[in-house]
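Written below as structure tokens is the structure these notes are about.
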Amino acid sequence: MLWAVCKRAYIRLCSLPADHILHKTVTEAYSDKDRPLSHPTPIEKLARLFNINPSTTEKIPALKAVSNLSNFVDTLSFPTREDSIEHERQDDTGTRVYTDGSGQDGYVGAAASLYLDNDHQPVATRHLHLGTMDQHSTYEAELVGILLAFWLLITEAGHILGRQPISIYTDNQSVISALTSGSRGPAEYIKDEIARLCDKYFPRHLTHRVTVKWISAHSEVPRNEKIDFEAKQASLGISSDRQHLPRLLRAPLPTSISALRQILKRETGVKSEEIWRQSPRWERFANFEDNYSFRNFHDIADSIDRHKATLLVKIRTDHFPLNAYLHKRKIIPSNACTSCNEGSRESLRHYLWECPKFASQRTKLREVTSGSGDSLELILKNRAHTEALLDYVVNTKRFARNTQTATPLQRARIRED
Ligand SMILES: [Zn+2]
């Protein structure tokens, strides 16, 4: 759909940083969008078509970050959730911060709690309500959680930064891998702010780096359950006072590019469904599919071989090459069934339910599909019934496999059949 391709391209243009050659053109195209133009440029057309203000969206830098977070941060992930729970239980780091980002009921929030001296109660907790899910992503919230963690350490435990071991826990593995990766993606400005703070507040010669560790979510680890609750409170609307937040978080955050892409994905789904429902072809498929995603078909097509999948498509699209079908298209002289030679027209109905030649195969089919009766629509709605139907078609040997295109291994299997 051209519309979706254009919107995707425009979102990408909105994410260009200020030093990009097109940044000014994109910003001006939006601020002038109400001015009538007889010959708008492609970018001006896009700005008129999609109501996204490039001045309020986040920018994704093209260049590598100036300060490298891996100078200050180690990351630790685990192969299984049990390993992560066990590590947390045995962790004897005195200073720990638990962080979480949460998206619920359409809103996004983040929180971090600082624990000192292995205490069970946090000495301080910070919350930030980011806004709606249409403008912010939970991934962004998880990164805000990490930023809040560093801010807590700087403001409440600045004297041990870089001098003692510190653990930060998050339940998000993509955040862990993003922290020390050099590539640039969404929510990158939050990572840059963490790096800037580290550069400023860590001592010149540090003896210990901060370790960001993965802890599996919903793991019954008390401190992690507690921060999960605090992040949910933040998504409901709780934010710490401005003076307790790092500078970046004191003003509303820019609109997230991932959130805009999510909206686009939703809109594209709705639009394609609309187009499809207006199509005359939908009438046929509506009998055995609930919507445009064709789940019934994909569920079964993934588990059957190519020969059966081809047969299934032919049955679903009403192009099953029985004699009645071929005769109607003037490919063969007669529509009579050549399997039983009793003079009946070889329709799909005759082939499936009436032809005496295939009575034994049909007994097997009926055993499975009794619930669907003779209704092809009901059979195609049901996965087990559809598989039995395809088995019937294969067992009647009415349609030979195409051995020309089969691989040697497949040909050997066909001969065994
Ligand atoms: Zn027949």
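The values are calculated or read from the model by the stated rules, or taken from the named source; none is laboratory data. Note that the coordinates shown come from a computational prediction; the quantities given were computed from them, not determined experimentally. FYI the Cβ positions are ideal-geometry reconstructions off the backbone, even for glycines, and counts take in every protein chain you see.
Data for the structure
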quantity: Selection from the stretch 74-103 of residues that are more than 23 Å from Leu152 (Cβ to Cβ) and in contact with a helix residue (DSSP H, G or I) (Cβ under 6 Å, 6 or more places away or on another chain); calculated: Phe78
quantity: Close pairs (8 angstrom Cβ cut-off, 6 or more residues apart or separate chains): closer than 17 Å to Asp100 by Cβ in the stretch 119-141, surrounded by 19 or more Cβ atoms within 10 Å (Cβ to Cβ) and acidic (Asp, Glu) anywhere; calculated: Thr125/Glu230; His127/Glu230; Leu130/Glu140
quantity: Matching residues, the stretch 350-374, being surrounded by 15 or more Cβ atoms within 10 Å (Cβ to Cβ), part of a helix (DSSP H, G or I) and within 13 Å of the ligand (Cβ to nearest atom); calculated: His350, Tyr351, Leu352, Trp353, Glu354, Lys357, Phe358, Gln361, Arg362
quantity: Check on Glu346, in the same structural domain as Arg362 (by the TED database), out of contact with any Gly (no Cβ under 9 Å at 6 or more places or on another chain) and either touching a residue at least 12 places away in the same chain (Cβ under 8 Å) or more than 30 Å from Phe50 (Cβ to Cβ) (or both); calculated: yes
quantity: Pairs where the first residue, in the stretch 326-339, is under 17 Å from Phe399 (Cβ atoms) and outside any loop (DSSP other than H, G, I, E, B) and the second is hydrophobic (A, V, I, L, M, F, W, C) and away from the ligand (no atom under 11 Å from the Cβ), C-beta under 6 Å, 6+ apart; calculated: Leu326/Ile332
quantity: Test: residue in the stretch 65-78 that is under 24 Å from the mean Cα position of the chain (by Cα) and closer than 30 Å to Arg223 by Cα; calculated: yes
quantity: Any hit, the stretch 39-58, residues being modelled with pLDDT of 90 or more, in a loop (DSSP other than H, G, I, E, B) and closer than 30 Å to Ala217 by Cα; calculated: yes
quantity: Pair list, Cβ < 9 Å and 6+ apart or interchain, from the stretch 354-377 residues that are in contact (Cβ under 8 Å) with a residue 60 or more places away in the chain to residues that are more than 13 Å from the ligand (Cβ to nearest atom); calculated: Leu376/Asn287; Leu376/Phe288; Leu376/Ile315; Leu376/Leu389; Glu377/Asn287; Glu377/Phe288
quantity: Sole residue being more than 16 Å from the ligand (Cβ to nearest atom), surrounded by 12 or more Cβ atoms within 10 Å (Cβ to Cβ) and of a type outside the set (Ser, Thr, Tyr), chosen from Ala301, Ala336; calculated: Ala301
quantity: Residues of the stretch 315-325 satisfying the condition of being closer than 20 Å to Arg401 by Cβ, more than 10 Å from the ligand (Cβ to nearest atom) and not in a loop (DSSP other than H, G, I, E, B); calculated: Ile315, Arg316, Tyr325
quantity: Output for the stretch 175-231, where each listed residue is among the hydroxyl-bearing types (Ser, Thr, Tyr) and either part of a helix (DSSP H, G or I) or surrounded by fewer than 18 Cβ atoms within 10 Å (Cβ to Cβ) (or both); calculated: Ser177, Thr180, Ser181, Ser183, Tyr189, Tyr201, Thr207, Thr211, Ser219
quantity: Residue selected from the stretch 375-400 under the condition assigned to a helix (DSSP H, G or I) and in contact with a Phe, Trp or Tyr (Cβ under 7 Å, 6 or more places away or on another chain), by the criterion modelled with the highest pLDDT; calculated: Val393
quantity: Within the stretch 375-400, tally of residues that are within 16 Å of the ligand (Cβ to nearest atom) and either of a type in the set (S, T, N, Q) or touching a helix residue (DSSP H, G or I) at 6+ places or on another chain (Cβ under 6 Å) (or both); calculated: 4
quantity: Scope the stretch 133-177; condition in contact with a Phe, Trp or Tyr (Cβ under 6 Å, 6 or more places away or on another chain) and among the β-branched types (Val, Ile, Thr); matching residues; calculated: Ile154, Ile176
